[in-house]
Amino acid sequence: EEKEVNKGLEKQRLFMGKEMSKTREQMESEKRPRDFRAMKKEKEDAKRERDRLRAELAKDKAERKARGGKLAGRLAAEGYNPAGLSASMAQEDAKAHAAEAAELAAKAVAAGGGNSSATKNDTSFASVEERAEAVDKCIESLMKYKVGGDGGNALKVLNAYTKNLSQKPEEDKFRTIKLDNNAYKSKVATLRGGTRLLQAIGFVKDDDRGVLELSVEDRDLDLITQTHQKVQ
């Protein structure tokens, strides 16, 4: 009798195992199409957003060119708020920035007589239009940092910097940022586009003194005000 009971329990266990296996297989078969549709939608959304950003930047560039480097209206940071950007897009952006930084560094070395070991890192820009375009690219790059809201946090710090510079131009203290400042070091310097945006509006990095500094001569209040409007 005990053997019969054990035999019945074994049959029941095998039956339940088969049923659970069928259930798992069914769930997997239903999950695969959902995952595929979600991935397809993400790619389509990313492509649409990339096209929108490129169109926005092209329009912005054309307007600046027509107006001698100035924008007619306000373009806030939400204008560069990409949704669903993929890791591959971030990698493409990183490659583009690296190539551009290398080209500018080569120009700076050539202009400085070939001294590549200088500790005063000045990123050269040919015109106000080029500076404004660099600002746009930096904002676009920063907004791609979604994890933990890192991009938004960086823009908040840059908003504070540009707000002080544009609203209190007579106060010299706002023209210097210490490289070991916690807000700059943890939220801006670590992200691609953070320091470069500051350089685009005129800041020069001096490693010997441990600061980023904006001279009165290099200060363009119109550009700084436009940048503040974009990042606020």
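Here is how the numbers come out for the structure above:
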| item | result |
| --- | --- |
| Leading residue by the ranking (surrounded by the most Cβ atoms within 10 Å (Cβ to Cβ)) among those in the range 157-185 that are touching a residue at least 60 places away in the same chain (Cβ under 8 Å) and under 18 Å from Gln199 (Cβ atoms) | Leu158 |
| Subset of the range 45-66 (residues that are of a type in the set (Asp, Glu) and either within 22 Å of Arg131 (Cα to Cα) or at pLDDT 85 or above (or both)) | Glu56, Asp60, Glu63 |
| Checking Leu191 against (1) within 23 Å of the chain's Cα centre (by Cα); (2) farther than 16 Å from Leu155 by Cβ; (3) at pLDDT below 95, the condition it does not meet | (2) |
| Enumeration of residues in the range 200-232 that are within 17 Å of Ser127 (Cβ to Cβ) and out of contact with any Asp or Glu (no Cβ under 8 Å at 6 or more places or on another chain) | Ala200, Glu217, Asp218, Arg219, Asp220, Leu221, Asp222, Leu223, Ile224, Gln226, Thr227 |
| Single residue of the range 132-156 satisfying the filter (β-branched (Val, Ile, Thr) and in contact with a helix residue (DSSP H, G or I) (Cβ under 9 Å, 6 or more places away or on another chain)) that is surrounded by the most Cβ atoms within 10 Å (Cβ to Cβ) | Val135 |
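The values are calculated or read from the model by the stated rules, or taken from the named source; none is laboratory data. Owing to the predicted nature of the structure, the values given are computational and were not obtained by experimental measurement. Virtual Cβ from ideal backbone geometry, glycine too; neighbours counted across all protein chains shown.
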